[in-house]
Structures are given as structure tokens and as C-alpha cells.
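This report refers to the structure that appears directly beneath it.
The values are calculated or read from the model by the stated rules, or taken from the named source; none is laboratory data. What you are looking at is a predicted structure, and each value in this text was computed from that prediction instead of being measured. Every residue, glycine as well, gets a Cβ built from its backbone with ideal geometry; the counts of neighbours run over all protein chains shown. Accessible surface areas use protein heavy atoms only, side chains included; no ligands, DNA or RNA. Shrake-Rupley method; radii C 1.70, N 1.55, O 1.52, S 1.80 Å.
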Amino acid sequence: ERGHGPYQPHEPGYGLDQPGCSPYDDQIPDSKARTLAIQNAKAYLLKTSTTSGLNLYDHLANILTKVLDEQPTNTVDIIENISKDVKWAQFRKKMDTLRDEHQILPTFEAAEKCKALFIKREENEPEEAEDEIGQPSLPNVMETAFYFEQAGIGLNKDESYCIFLSLKNLISVQPIQTCRFWGKILGLEMNYIIAEVQLREGEEEEEEETGGDDMVEGEKEMDEVEEEDEENEKEAEPPKSTYKPPPDIPRERDGSGTNKYVYFVCNEPSKPWVKLPPVTPAQIVCARKIKKFFTGRLDAPVVSFPPFPGNEANYLRAQIARISAGTHVSPTGFYQFANEEEEEEEGDTYEENPDFEPPTVAEMVESLDTWSHHVKGILKQGRCVWINPQKLEEKEEEEDDEEEEEKSEGAEDEQEETGPPLLTFISEDEGFKDIPAWTAQSSTDLIPEYSLAILQSNRWPGAYVYASGRKFENIYFGWGHKYSPENHMPTLPPPAQAEYPRGPEISETKDPTVEEEMAFKAAQEEALAEAEEEEEEGDEGDDD
């Protein structure tokens, strides 16, 4: 019969657990037998379970380790729970080597992105710049957000504050004289946060000079390429086209017209700012004919008809110029011309009126004559100041005196394009059918003493203006598209060019029918017979 314990009767160590055998007796068992018994006991404890794949030896060792590490109170009462916890910790699912990834909350991810904005930097240089300029260039974005929030317009406070810090970093890096938060244009993949700045006077001149040097180097390279092409074409010259494209309208210089301000954009406040290129008249003219949603990538191509001359960065800059020219307004009388002569000139320089008395909120809501445009409108040519294209042709081409006289006569016939003067009333803006160009309202009717005047553009949805006393601000939140009462109809492509001139001389005729052929042959026979009769009569007369 099998005795109590793991030992068989014939194995050494059998009987040690019997009542008659005590380890404290004077008789000490053989050491070899004790060692063998211990090894057999350990071998038994190391047997692996066919169900869980664990063994009792490692399980007891883990339990003791956990007890000694944690040292809980009343261990003997919770030993069963400790045993379960150890088993659960070692449990692994079959055929699964992946662990659950820690879920990152959206708020934590957003905070990690904006973490760099809250690191304080040394501000020695900006203080020196403020002393030189005489006024701080950092705009108070939070104050602007507070006023627009009363009308239910704007971003949340967290995003506004992050933009505030991002503009502060921009000013510390770039040589900026004035800075303003222009607005936010939405995109399909990412959005654009836009800052409107004015660089210092010396920085703009340096950029123009570097751009001129690049143009000179590019012209030299083009001349070298043209010389090589002329040498290759001397052997066999193909027919040259007589078509002369119209001259390119030059862009307005930096600091005036559509390029009066410089614009920086970024997708998120934590990302770096990118400077947009200056806008050209060709880009503005083409932007009026197309309607494309922004993707959020500045290097994305603009696929449209007519083809747009540039990528999304140029298209974004053109739309910013159009929105600024049509929606940036101020209370009437806040700005004035420095001299009376400047009203007749084509410039766009003005200054603040120190004697300005702001109208009441009720007056600004009732009458649109209390608002004026302080950004010059863009002409159909794509410029704020018109330029004669005929004179550009005369400068570029060198031809005979007769041709130059003809061109000068044509230039005289060219009518100069004019637009509305600066600081005109917004009441003169044209609307769409029954929709006015602007809608004015107060921020609240419950407390009119502390209300604001809010102006909304219906031609550019998303453009807003607030005014409170001498304070006012323009802002834009939208997709960057102009409102159109009808569906957008893209421009149709031009008709295909004729391969050859068409006329009756080279046009194909229809094959005659059998009846027409018979009639034609009969007419020919009659004509021949009459000719023979006339010849015979002539011969008889000669004989007489």
C-alpha cells in the first residue's frame, strides 16, 4: 500500500513523516538519503501542470516573493487571494504576443503639441526693438477674442491663447514692425492660421535687392542657353511662330497695393510660421475665375481651368488679398489723409485722426455710412493702381518708327481703369440681388449700454468687424470663397483652332447623280454641235 507522502516504501526517506520518526531524535538519518529525498521532493514540485503550464515550485516562490515585497497585514487570511493574483499576472493568451497600447487622450495629445509654446525664452532683443520702434508689435489677441466672443464669433480661449504665444515667437524671430492676427482659413486636411505683418523698412529693401540679383543671374543663364540653341538651330531652322503673347502685368512693389503687407501662415500654433510669396496680377485675375478648396499643404498643386500660375501658397496669397480689399473696414473718420493732395493721388497712405469722435452703437448699426473701406480695392487688371499694357510693349520691343507710332495711337485709345477711392462708404458696395453687401447688428439688445457694433460681410462669408468706441478689429473665419447666388460654372475652354482656312475654293463637293451627269453630257454635246456649225458657216463665208 502507498504510504502518506510522496515517497514509496522502497525509497530512502520513507517514514520520516510518520509519528514514530522525528527529526529531533538523537538518531540522525543518512545525509545521502536526506539529499536524495530533497531532490525527489523538488522534482515533484517542478512538475508542470497540463492545464495551466505552471508548476508548484515557481508558484510558491512567486507567492513568497510577493509577500516579502509587499508585506501585507494578516497574510495568512489573504494567502488565497495572493495566489490568484500571482496566477493572473502570469496568464498569457494563446497565439497573442501583442500588449494593449496605452490610450492617449486627445486633450493630452493637444497639450503635448503646444508644450513648446509655454517655454519661456530670453526676451532681450524684442525689448530693444520696442524701444527703437516706440510701440509694441505684439497684438492683444485675447482682447480681440473677448470682444468677438460677445457676438458668438471666434475660436475657443485655449486656441486663441496658443495663437497669442505663437505670434510672440514669430515676432522674436522675424524683424517685424507691426503684427496682427488676420484670421483662419479652413482646409480639407489642415487649416491655415494667418498673421498680417509689416516688416521693418530696411528688411524689405534687402529682400528686393536679393531678388534682383537672382533675376540677373537667371537672365545670364537664359542668355547662355539661348546662344547654344541658336548655334544648334543654324543647321536646320524650323518655321517660327508669329504669335506674340500679351505682356505680363508687373506686380506691385512691396509695401504698396496688394503687397502692402507680408503674410505668415501655419497649420497649428505649435508649428513653424511660413512666409507667403508676393501676389501677382495674373494670380488674382485667375483666382477670380476658379473656386478651389484648400488642402492645408502649401506645396499642393492647383488643378483648375484656366490653369492657375502657381501652387496653393500663391492661391492662398491671392485669396487673402481679395478678402482684405473687400472686407477690411473701419469707422468713418477714424482714418484721414495726411494732406488734401493725397486724396487725388493713387497712393494708399493714411493716418489716424486724433480728433475722431466715435459714433454710438445704435448709429453704427442703423447707418452703413458710419463705416468706410481703409484698404484700396483691386481693379480688374489685378492691381490697385492701373498700368497701361501698351506702354509695356513699347518698352520691351524695338521696332520701326511707324510701328511705334501705331502702338502709341493704340495706347491713346486705351481707357484707364479706375476703382472706388480710398475711405469710401460701405453703403456704396454692390450686393447680390436682394441680399445687401453688409449686415450690421448689435451684440446684445438686453444691455444696450455695453453692447458692441458687429458688421458681417455677405459677399465674403466669414468676415466680421466689431467696433466699441475707438476700438475696432477685422477678422476672418471661413473657407476663403466669395459668395455666389448661383452654382459655380467653370470657364469653358476656347474653341479648337482651325487646321486650315476654309472656303469654297478648297471645300469638297458632293458627287453628282446619274440624271445630273446625263444632263451635263447632253449640254456638252449641244455646245460642241453649235461650235461645229459656227465653224462651218465661217468656212463657207471665206470661200465666197
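General remarks:
- Qualifying residue in the range 296-311 (condition: open to solvent by 30 Å² or more (accessible area, probe 1.4 Å), within 22 Å of LEU199 (Cβ to Cβ), assigned to a loop (DSSP other than H, G, I, E, B) and in contact with a Cys (Cβ under 6 Å, 6 or more places away or on another chain)): no
- Reported count of residues in the range 485-519, each being touching a residue at least 24 places away in the same chain (Cβ under 8 Å), out of contact with any strand residue (DSSP E or B) (no Cβ under 8 Å at 6 or more places or on another chain) and not β-branched (Val, Ile, Thr), is 3.
- Assessment of the range 277-297 against the conditions (over 17 Å from PRO490 (Cβ atoms) and without any contact (Cβ under 8 Å) to a residue 24 or more places away in the chain) yields no matching residue.
- Sole exception among (1) assigned to a loop (DSSP other than H, G, I, E, B); (2) outside the structural domain of VAL375 (by the TED database); (3) of a type outside the set (A, V, I, L, M, F, W, C); (4) within 40 Å of the chain's Cα centre (by Cα) for TYR464, by number: (1)
- Considering the range 444-457, and only residues there that are of a type in the set (S, T, N, Q) and open to solvent by less than 30 Å² (accessible area, probe 1.4 Å), the residue that is nearest to GLY152 (Cα to Cα) turns out to be SER451.
- For the range 489-501, the set of residues classified as surrounded by fewer than 10 Cβ atoms within 10 Å (Cβ to Cβ) and under 12 Å from ILE290 (Cα atoms) consists of MET489, LEU492, listed by residue number.
- Options GLY419, GLY480; residue that is within 28 Å of the chain's Cα centre (by Cα) and in a loop (DSSP other than H, G, I, E, B): GLY480
- Residue count, the range 312-332 (criterion: open to solvent by 30 Å² or more (accessible area, probe 1.4 Å) and over 19 Å from PHE477 (Cβ atoms)): 1
- Each residue in the range 458-486 was checked for being in contact with a Pro (Cβ under 7 Å, 6 or more places away or on another chain) and buried (at least 20 other Cβ atoms within 10 Å of the Cβ), and 2 of them qualify.
- The lone criterion from (1) in contact with a helix residue (DSSP H, G or I) (Cβ under 9 Å, 6 or more places away or on another chain); (2) open to solvent by 30 Å² or more (accessible area, probe 1.4 Å); (3) assigned by the TED database to the domain that holds GLN174 left unmet by LEU368 is number (3).
Table: residues versus (1) in contact with a helix residue (DSSP H, G or I) (Cβ under 9 Å, 6 or more places away or on another chain); (2) assigned to a helix (DSSP H, G or I); (3) modelled with pLDDT under 80; (4) not assigned by the TED database to the domain that holds THR444.
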{"site": "LEU117", "(1), (2), (3), (4)": "yes, yes, no, yes"}
{"site": "LYS120", "(1), (2), (3), (4)": "no, no, yes, yes"}
{"site": "GLU128", "(1), (2), (3), (4)": "no, yes, yes, yes"}
{"site": "PRO136", "(1), (2), (3), (4)": "yes, no, yes, yes"}
{"site": "ALA145", "(1), (2), (3), (4)": "yes, yes, no, yes"}
{"site": "PHE148", "(1), (2), (3), (4)": "no, yes, no, yes"}
{"site": "ILE163", "(1), (2), (3), (4)": "yes, yes, no, yes"}
{"site": "LYS168", "(1), (2), (3), (4)": "yes, yes, no, yes"}
{"site": "ILE171", "(1), (2), (3), (4)": "yes, yes, no, yes"}
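- Residue list for the range 371-391, restricted to those being more than 19 Å from SER324 (Cα to Cα) and touching a residue at least 24 places away in the same chain (Cβ under 8 Å): ILE387, ASN388, PRO389, GLN390
- Selected residue (criterion: modelled with the lowest pLDDT) from residues of the range 173-215 that are open to solvent by 70 Å² or more (accessible area, probe 1.4 Å) and β-branched (Val, Ile, Thr): THR210
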